[in-house]
Amino acid sequence: MYVDDDDNADDMWGDPHMRGLRGQRINWSGVDGGWYSLVKDDHADLSINVRVTAPLPDEFPDRQLMTSLAIMSEGYSVVIEVENPYTIVTGGCPEGVSPCLANGGLRIIVDGQEVDELLRFSRQMPVADGTMTMSASNLPVECRQFGGHRIWARMYQDILEDRRQLRGGESLEEWILRYDQNMPARRWCAKYIAENDLADLQANHAIFKIQTPTVTVRLNAGVNYQGDGELNWDGRVLPDLEFWQMDVGIDGLDVDNPALSGLLGETARPVYGENGEAVMEGSDAFRGTVEDYRVSSALGVHFALLDEKEEGHE
């Protein structure tokens, strides 16, 4: 999900990975199929939740990937999820929607209603009663940007340098190419995008740009591949496997906002160890346990740490 910046990526272990808002390096895993609060901002009436899935739940229950994202803003909601995260076989595009995003493996639910029309290429499409806008496109494999460590690292750097505002007049194509550190063939991709209409492309990888009044969410969703014999972080040998994966970045978070909570939001306020220094690595870098951030569903907004805070406990 999230990994550290390019220089330190090899130091990370486990899944999912996350870099905190103060630079903490964290790995975590939850319950297979469970939903967790990533960011909650009561001042902005914003909540972002994620679902994690173990593609091999029996053999590797702690090797997890993000397979769904829920955004709630000002009383409205958008959920983008892999319909069946345990198989890459899909039912194809919905009737009347072709080409469709990620070969029809996704489902988009707006304010509780599944909207097949959003499973196609779009530019600045108003959704959730106009509270959010969505742009989405398939990408060829040469342009896919899986690698949340690079996507998140660039956005994190933008936050540190206070470059959180959207660039005026930036096209969808320019935006796709902007975070290009993990693009396999950047020059080829730039040429392809310049010469082809992305609206005509059918592929198993899609990219989304979802704008809320306060933040912009970048989501990559599709099928990824690991080769036979690859080693897990603890030395276990991983099998040859294709699996669904999502990577996410959030542009526009204010790290000094005292209203931030959720697993990522809480990292805006460092946890200090016995030596008085901020804990910068591991699960001790965020408050409580992973399960303290678990919510009941995609649109759940209550979790243990938040309930304690609302009751006046620190």
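The values are calculated or read from the model by the stated rules, or taken from the named source; none is laboratory data. Here the structure is a predicted model, which means the values were calculated and not measured. Note that we place each Cβ from the backbone using ideal geometry, even for glycine, and neighbour counts take in every protein chain shown. Areas reflect the complete protein model, heavy atoms only, side chains present, ligands, DNA and RNA absent. Shrake-Rupley method; radii C 1.70, N 1.55, O 1.52, S 1.80 Å.
Can you pull out the residues in segment 252-284 that are at negative phi, without any contact (Cβ under 8 Å) to a residue 12 or more places away in the chain and not charged (D, E, K, R)? Those that are at negative phi, without any contact (Cβ under 8 Å) to a residue 12 or more places away in the chain and not charged (D, E, K, R): Pro258, Tyr272, Gly273, Asn275. Within segment 291-304, the set of residues being buried (at least 18 other Cβ atoms within 10 Å of the Cβ) and either more than 21 Å from Gly273 (Cβ to Cβ) or touching a Ser or Thr at 6+ places or on another chain (Cβ under 7 Å) (or both) comprises Tyr293, Arg294, Val295, Ala298, Phe303. Within segment 103-123, can you find the residues that are under 22 Å from Leu299 (Cβ atoms) and not in a loop (DSSP other than H, G, I, E, B)? Leu106, Arg107, Ile108, Ile109, Val110, Gln113, Glu114, Asp116, Glu117, Leu118, listed by residue number. All of Leu263, Leu219 fail the test of being among the aliphatic types (A, V, I, L, M) and part of a strand (DSSP E or B), apart from Leu219.
In this structure, Ala194 does not satisfy being modelled with pLDDT of 90 or more, loosely packed, with under 13 Cβ neighbours inside 10 Å, assigned to a helix (DSSP H, G or I) and in contact with a strand residue (DSSP E or B) (Cβ under 8 Å, 6 or more places away or on another chain).
Scanning segment 219-268 for residues that are touching a helix residue (DSSP H, G or I) at 6+ places or on another chain (Cβ under 6 Å) and either open to solvent by 10 Å² or more (accessible area, probe 1.4 Å) or among the charged types (D, E, K, R) (or both) gives Asp247, Asp251, Val255. Selection of strands (runs of 3 or more DSSP E) fully inside segment 19-77 by the criterion of at least 1 residues being free of Cβ contacts under 8 Å to residues at least 60 places away in the same chain, farther than 18 Å from Asp111 by Cα and out of contact with any Cys (no Cβ under 9 Å at 6 or more places or on another chain) returns 46-53. Report yes if Glu83 is open to solvent by 10 Å² or more (accessible area, probe 1.4 Å) and more than 20 Å from the chain's Cα centre (by Cα), otherwise no. Spelling it out, it is not the case that Glu83 is open to solvent by 10 Å² or more (accessible area, probe 1.4 Å) and more than 20 Å from the chain's Cα centre (by Cα).
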